[in-house]
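Below: the structure, in structure tokens.
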Amino acid sequence: MPVRESTDARRATPPLRVNGVDHPIDLARERSLLFVLREELGLTGTKYGCGEGECGACTVLVDGVAVRSCTTSVAEAVGRSVTTVEGLSHGEMLHPVQRAFVEAGAFQCGFCIPGMIVAAVALLNRNPHPGVDEIRAVMNGNICRCGGYLRIVEAIRSVGGPARTESEAPR
Amino acid sequence: MNPSPAGLPYDLAPAEERDYFARLGPGLVMVLPPRPPGPSGWGAGGPPHGGAWIHLGEDGRARAFTGKVEVGQGTRTALSLLVAEELALPLAAVELTMGDTDVSPWDMGTFGSRSMLDVGEHLRATAAALGDLLRELAAPALGRPVSELELANGEVRARGEARGPSVRYGTLARGLRRIATVPATVHPRGPAEWQRAGRPTSNLGAIEVVTGARQYASDLRLPGMLHGRILFPPAYGARLRRIDLDRARALPGVTVVREGDFVAVAAPDPLLAGRALRALAAEWATEPQPSELEIVEYLRRHPAEGEDFWDVVHYTVGDVESALARAPVSLRATYTTAYIAHVPMETHAALASWEGERLTVWVGTQTPFRARESVADALGVRPADVRVVVPPTGSGFGGKHAHDLAIGAARLARAAGRPVRIVFTREEEFSHAYFRPMAVVEIRSGAELDGRLTAWQLHDLNAGSAAARGPYRVPNQRVENQPAESPLPQGSYRALAATANTFARESHMDELAARVGADPVEYRLRHLEDERLAAVLRAVAERVGWRPRAVPSGPAAPPALGRGVAVGLEKGGRVATCAEVAVDEARRLEVRRIVTGFECGAIVHPANLRSQVEGGTVMALGGALFEAVHFAGGRILNPKLSEYRVPRFRDVPPIEVLLVDRRDLPSEGAGETPLIAVAPAVANAIFDATGRRLRTLPLAPDGAVP
Ligand code: FES
Ligand code: FES
């Protein structure tokens, strides 16, 4: 174990800012941002689904941009600001996207949902009123094996506007 | 993570000896006696069950217990609603403990869409009996006969006297330690009287889900916990020939366990566990294994005895052979479905922890009591010393019955003297869980010139018996299934055999209709025996504006458009699906619309039922269009999400769900049946569009019609 080096590295490395809190990070060992969030910081809202950037369960915001934390090395994230699903709500106050997911009943087992919500937040930050096609295209990298896609589209569409009725099935 | 109780698990102790009140506080407990398994394994009058119990405390809250688990199918909310309904309590005043073997009634497992049918009825009866007891207790205080009392919002009061004297449940329960048994006759409210159930409600736990606070098995951690990995053979059927454990053992903090062919490691950190696993220099002896190309022949040559989770059916009526010989119209065709993977978003996970002699395992499983048996057996301890707790689970779909993981974690934890958690990597999940069986279904049929069916023979190889018997009137039938020795591990899957058998049957019905020049909807209606199913099919045909036709519509100028229908009756649910497809010049297939009609008796939780049907349709589309496990030499060739395609946002067409609410009928399960008509409806639509009959699932593995 290269103890000395890691201490030096820690001193030299800027901290990892997660949900507004700075964490010193030891960069001596190569590991993913997902690993650090879940195993070192105990932020388990961000999920592991594939480890290869294919499912979106591990989606977090890095400087406001949605990234796959499983394929992002923690070294790339230090010095930047990371937001996980835990950082979206404040106490009882849910983020509008979280509220929309609750209201649309947009989950079954719920495991994909944190990643979906974070990806949707990034999308809505860029375009507050995306059309169905844009939602489907941007969210296509997030998998819901329970097949809740229609509800999720509905939830995202309802943020900042009234939910459409069911007969206007999202397309 | 409550500490284990001192006494025996409740299912292993008589009701009087259970520490209900020590654990839950004073109050009332209503117990529904179990139905033990008979000599055949089936209880008298239905499947065996462990009964039910509900505690009502001084706080006026009801705590109900079931051995079923929640894997995303929404039963937690639906079952809680039924209890809330009977006790006239707000949903928030009902707590439901699911799948904790120390305190839950014994249960055979969460499969076969039985949660609502069985446990729903048990909890309703138990809650109704508890309600009667509350009225009895209130009668002296209110000075009215029991028959004049009613339950309303956590209080007992005189019927219809909203402003009259009342007494709160918590007051009635105060200081009591009373255990009562559900009497032989009890009258739960009928669905027609439901106030809470059957109405729009959002699922419990929504806030935890959207904030990321919900703790799944893979999120749990205990102080001092180690991370485990299991050494898996490189190919199915491989045996361990030689292994060197020393290099792994030399790593700091690493524990290595070997028992026969089972080898596993645990380390303080998952990365180190991975290193330890690689340091085990294992040598394996492999055996030749069949590849995908020869699989149909292989299964035909390797028949097997039946297995417990799929019964064998041999159903005969009339004389099929002579009816086939006489029939002026006859048809014979073989339909196949591929092995597919469950791909639960959360991979298998287990956490094991010993406190002295007692072991607790938190594991995402659909069969916690069977897990308790397997773990106790493998570890050589008494089942009473093992507690299995099922935390929220990131879906199952029938794929979470295997217990190797729980056993592995328990062995490692014992060896290390610390809690151990194992979480499958996605590749492990693909390769070392099990698959939906491949099916080979052969159908021979005979009909009169006017189309009337006279003979029907269906033979299912390897998938199972579910939905093998069709819903159609045919005087001469033979229906049978033959289990086979699968070279890939296989097991239960959401609607597994029903999907294969319905695909075969509904494709074949379409072929027959085309052959005799009949309209596919009319042809089915003509033969349907079940009025409820016919009603669902009519409703779907009406919704899509079905235009009767005797011959396929296509092929016209591209894109060719087509429409197909299929129906199914399974697990008490009736389903009809209509699919609309387009096929362009390059033969690329696009599913443009799905309409599914579904009826499963009285609807308890409408919003959840709708999302079950939508979600099931999406899942079924994967298996219908492109999902397939590829294999050769005992290895899975596509064990990654980048290589195994599951439905994504852009694969999903508009899905319309028509729910038929039959408040006069008992509520049946809904997690499986809505899937079964999707694949044949799409295949029939492709036939309508192109004239091409596809008899193999997946239908368009590369996105194009082959
Ligand atoms: S876990 Fe990162 S994309 Fe799947
Ligand atoms: S809700 Fe289960 S994976 Fe999306």
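Every read-out reported here was derived from the displayed coordinates using simple, explicitly stated rules and does not represent laboratory data. These numbers come from a predicted model, not from an experiment. Don't worry about glycine lacking a Cβ; one is built from the backbone with ideal geometry, like all the others, and counts go over all protein chains shown.
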For chain B, what are the DSSP H helices with axial Cα length of 15 Å or more and mean Kyte-Doolittle hydropathy of at least -0.5?
B:75-87, B:121-142, B:368-379, B:404-416, B:496-516, B:531-544, B:606-625, B:678-690
Using the Cα centre of the range B:311-406 as origin and beta-carbon charges of +1 (Lys, Arg) and -1 (Asp, Glu), tell me which of B:V329, B:V343, B:V388 is placed farthest towards the positive end of the dipole.
B:V329
One finds, for A:E30 and B:E522 with R0 = 56 angstrom and r their Cβ-Cβ distance, a FRET efficiency to the nearest 0.05 of 0.30
Please get the size of the charge dipole for the protein assembly as shown, origin at its Cα centre, with Cβ charges of +1 on Lys and Arg and -1 on Asp and Glu, quoted in debye to the nearest 20.
780
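Could you list A:I113, B:I676 so that the one with the fewest beta carbons within 10 Å of its beta carbon is first and the one with the most is last? Each step should come with its number before you reach the end.
On the way: A:I113 31, B:I676 34.
Sorted ascending by nearby Cβ count, the order is A:I113, B:I676.
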For chain B the mean separation of alpha carbon contacts under 8 Å (6+ apart) over residue count, i.e. relative contact order in percent, is 13
The farthest towards the positive end of the charge dipole of the protein assembly as shown, of the residues A:V62, B:L699, B:P223, given +1 on Cβ of Lys and Arg and -1 on Cβ of Asp and Glu, is A:V62
Arrange the following residues from fewest to most other Cβ atoms within 10 Å of their Cβ: B:K68, B:K571.
B:K571, B:K68
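With only Lys, Arg, Asp and Glu charged, each at its Cβ (+1 for the first two, -1 for the last two), find how big the charge dipole of the range B:10-211 is about the Cα centre; round to the nearest 20 debye. Display every interim value, and only then the final one.
On the way: 21 positive and 23 negative charges, 87 e Å.
Here the size comes out at about 420 debye.
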Find which of B:A64, B:P90, B:A141 sits farthest along the positive direction of the dipole of the range B:10-211, computed with +1 on the beta-carbon of Lys and Arg, -1 on that of Asp and Glu, about the Cα centre.
B:A141
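In the protein assembly as shown, what is the count of Lys pairs whose alpha carbons are under 20 Å apart, counting only pairs at least 8 residues apart or on separate chains? Present the calculation step by step, with values, prior to reporting the outcome.
On the way: A:K47/B:K400; A:K47/B:K640; B:K68/B:K400; B:K68/B:K571; B:K400/B:K640.
Taking the Cα cut-off of 20 Å, the pair count is 5.
Work out the FRET efficiency for A:N19 and A:N125 from their Cβ-Cβ distance, taking R0 = 22 Å, and round it to the nearest 0.05.
Values: r = 16 Å, r/R0 = 0.74.
Once rounded, the FRET efficiency stands at 0.85.
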Please work out whether the range B:205-329 counts as rounded, prolate or oblate from its C-alpha gyration tensor, where a ≥ b ≥ c are the square roots of the eigenvalues and a/c under 1.5 means rounded, while otherwise a/b larger than b/c means prolate and anything else oblate?
oblate
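How big is the dipole moment of the range A:7-87 about its Cα centre under a simple scheme where the beta carbon of each Lys and Arg is +1, that of each Asp and Glu is -1, and everything else is neutral? Debye, nearest 20, please.
Working: 9 positive and 11 negative charges, 17 e Å.
Using only the charged Cβ atoms, the result is roughly 80 debye.
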Length added when fully stretched, B:R473-B:L293, from 0.36 nm per residue minus Cα-Cα
61.1 nm
Label A:A137 and B:T171 with points 7 Å out from Cα along Cα→Cβ: what is the distance between them in nm?
6.5
